[in-house]
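Structure first, commentary second.
The values are calculated or read from the model by the stated rules, or taken from the named source; none is laboratory data. All values reported here derive from a predicted model rather than from experimental measurement. Note: ideal-geometry Cβ built from the backbone for every residue, glycine included; neighbour counts use all protein chains shown.
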Amino acid sequence: NEQNPFEYVSTSYRVTFGKGILSQLPSLVEKLGCKAVLVLSTPEQTGIAERVTSILGATAVSTFTQAAMHTPTHVTEKALSQAKASGVDGIVSVGGGSTIGLGKALSVRTALPNLCIPTTYAGSEMTPILGETENGRKTTRRSPDILPAAVLYDVDLTMTLPVKMSVNSGINAIAHGVEALYASNGNPIIDLMACEGIKSLCEALPALQLDSGDDDARYKALYGAWLCGMCLGAVDMALHHKLCHTLGGSLNLPHAETHVSVLPHAVAYNAPSAPLAMAKLAAALPDGDGDPVRGINALYRRLGIDPSLKSLGMPEDGIDKAADIAVSNPYKNPRPLERGALRELVRRAWAGEQAS
Ligand code: NAD
């Protein structure tokens with residue numbers, strides 16, 4: 001119902017967005033009151049960590065370049081010892097969700113401010129959510145003290161993101177916007193951000209596929225990812241994110257690619273039970289034509305992606321396992337969780353069939 005009561009909780013932190021603005025980093029660090037920071041990155045992004053270090057000069061007192069997917073706690077412990085030994089008063093996390101996850105894990109353990117410089121479209125920098133892995137088990141928690149202190153988006157830092165990763169990461173971001181539109185605690189402000197974010201990413205991704213160095217498309221993609229990241233942080237996600245979490249966690253499937261495979265099927269599952277959200281989604285998709293599932297299928301055709309969970313390495317017997325886990329922990333979703341229909345959803349995503 002369009003006239004449902006709603007609540008909008010705003011969070012207060014600085015977001016600086018632009019192209020070629022990494023040079024503003026020292027003044028942002030100063031605004032946070034930091035005089036000695038630890039710079040974080042993955043082993044693949046030591047080059048950008050070095051650039052950040054040289055821009056910060058004497059303020060960057062230590063660098064840790066071993067951030068890893070799913071924030072393993074043994075890596076966090078190592079970084080924590082280094083942070084303590086070098087007496088830092090702040091953290092600068094430059095990279096994708098893996099590096100930002102490590103920054104959050106350190107920040108929540110030490111209360112040090114975490115300034116994030118995202119280089120993918122995953123959106124972790126906008127959320128008070130932290131997923132950590134210990135002995136192969138991933139647990140996720142949500143708390144205001146996980147939220148970064150400030151975020152600097154520099155479009156230039158996304159230019160090196162390979163096309164395939166850009167597309168997968170961009171659709172991962174679109175999925176945040178999609179589920180925000182039918183969130184149980186959704187609100188009109190977040191709906192605006194979701195629609196604008198989805199539109200911006202849908203314009204950007206096909207252009208990036210033609211030319212990964214397209215400045216304008218890179219700008220639009222990062223802008224859309226920011227807005228969709230806000231949606232992820234602000235309202236509760238439903239079936240799509242829970243399924244992807246289950247598939248990623250229990251079957252060890254890659255994060256962004258799993259989102260790509262599941263999204264059209266999750267939308268098809270929920271479509272009959274969320275007509276208002278689906279109308280908004282269809283209007284945000286370039287070829288939505290009143291039907292969001294057709295719109296997503298058309299986007300995938302334009303991007304030349306034909307994803308299946310099977311091609312990501314999921315075994316066929318994972319279908320029942322995923323359906324069982326998906327119904328075992330109930331959560332709010334527009335359409336009730338029905339074991340048979342969910343199994344069919346996962347089977348179709350597994351086989352790479354077109355959603356309908
Ligand atoms: P990622 O951070 O693991 O990055 C993937 C690879 O790409 C890494 O090797 C990285 O160094 C490299 N890379 C990143 N940016 C690059 C660039 N601009 N150019 C070249 N290479 C680049 O991937 P991701 O998809 O950003 O993050 C996934 C992780 O983040 C998962 O663990 C996921 O669970 C987590 N995540 C958490 C949240 C949250 O709110 N807590 C939200 C989204 C994702």
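Regarding Thr99, is this residue part of a strand (DSSP E or B) and within 8 Å of the ligand (Cβ to nearest atom)? So Thr99 does not fit the description; no. When restricted to residues that are in a helix (DSSP H, G or I), more than 16 Å from Gly249 (Cα to Cα) and touching a helix residue (DSSP H, G or I) at 6+ places or on another chain (Cβ under 6 Å), region 331-349 contains 7. Only one entry in Ala173, Ala217 is without any contact (Cβ under 8 Å) to a residue 24 or more places away in the chain and not acidic (Asp, Glu), namely Ala217.
Take the conditions (1) under 23 Å from Asn187 (Cβ atoms); (2) in contact (Cβ under 8 Å) with a residue 12 or more places away in the chain; (3) surrounded by fewer than 22 Cβ atoms within 10 Å (Cβ to Cβ); Leu281 misses just one of them, which is (3). A single member of Pro113, Pro144, Pro128 is near the ligand (Cβ under 10 Å from one of its atoms) and surrounded by fewer than 24 Cβ atoms within 10 Å (Cβ to Cβ), and it is Pro128.
Looking at region 321-330, can you tell me whether even one residue there is assigned to a loop (DSSP other than H, G, I, E, B) and at pLDDT 95 or above? Checked against the condition, which is being assigned to a loop (DSSP other than H, G, I, E, B) and at pLDDT 95 or above, region 321-330 yields no hits at all. Looking across region 8-49, just one residue is exposed (fewer than 12 other Cβ atoms within 10 Å of the Cβ), within 16 Å of the ligand (Cβ to nearest atom) and within 14 Å of Tyr153 (Cα to Cα), and that is Gly20. Would you check which residues across region 157-167 are aliphatic (A, V, I, L, M) and near the ligand (Cβ under 10 Å from one of its atoms) and list them? Passing the criteria: Leu157, Met159, Leu161, Met165. With the structure loaded, tell me whether Met193 is under 28 Å from Ala274 (Cα atoms) and not acidic (Asp, Glu) or whether it fails that test. In short, yes. The residue pairs whose first member lies in region 263-277 and is touching a residue at least 24 places away in the same chain (Cβ under 8 Å) and under 18 Å from Ala322 (Cα atoms), whose second member is part of a helix (DSSP H, G or I) and small (Gly, Ala, Ser), and whose beta carbons are closer than 7 Å, counting only pairs six or more residues apart or on different chains, are Leu263/Ala175; His265/Ala349; Tyr269/Ala341. Kindly establish whether Val327 is under 25 Å from Ala183 (Cβ atoms), surrounded by fewer than 18 Cβ atoms within 10 Å (Cβ to Cβ) and among the aliphatic types (A, V, I, L, M). Yes.
Residue-by-condition table, conditions (1) touching a residue at least 40 places away in the same chain (Cβ under 8 Å); (2) assigned by TED's automatic domain parsing to the domain that holds Glu125; (3) under 18 Å from Val293 (Cα atoms):
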residue	(1), (2), (3)
Gly177	yes, no, yes
Leu181	yes, no, yes
Pro188	yes, no, no
Leu192	no, no, no
Ile198	yes, no, yes
Cys202	yes, no, yes
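No other residue among Lys104, Lys84 is closer than 27 Å to Glu50 by Cβ, near the ligand (Cβ under 10 Å from one of its atoms) and not in a strand (DSSP E or B) apart from Lys104. The residue that is nearest to the ligand (Cβ to nearest atom), among those in region 50-68 that are farther than 23 Å from Ala111 by Cβ and not in a loop (DSSP other than H, G, I, E, B), is Arg51. Remark: pairs (first residue in region 12-37, within 12 Å of Gly57 (Cα to Cα); second residue of a type in the set (Val, Ile, Thr) and in a loop (DSSP other than H, G, I, E, B); Cβ separation under 9 Å; 6+ apart in sequence or on different chains) = Ala36/Val88; Val37/Val88. None of Gly177, Gly170, Gly186 is more than 10 Å from the ligand (Cβ to nearest atom) and part of a loop (DSSP other than H, G, I, E, B) except Gly186. None of Asp287, Asp236 is of a type in the set (Asp, Glu) and more than 17 Å from Ile198 (Cα to Cα) except Asp236. Within region 61-80, not a single residue is within 21 Å of Trp226 (Cα to Cα), hydroxyl-bearing (Ser, Thr, Tyr) and surrounded by fewer than 21 Cβ atoms within 10 Å (Cβ to Cβ). Scanning region 252-278 for residues that are within 16 Å of the ligand (Cβ to nearest atom) and surrounded by fewer than 18 Cβ atoms within 10 Å (Cβ to Cβ), we see that the one that is farthest from Ile189 (Cα to Cα) is Asn252.
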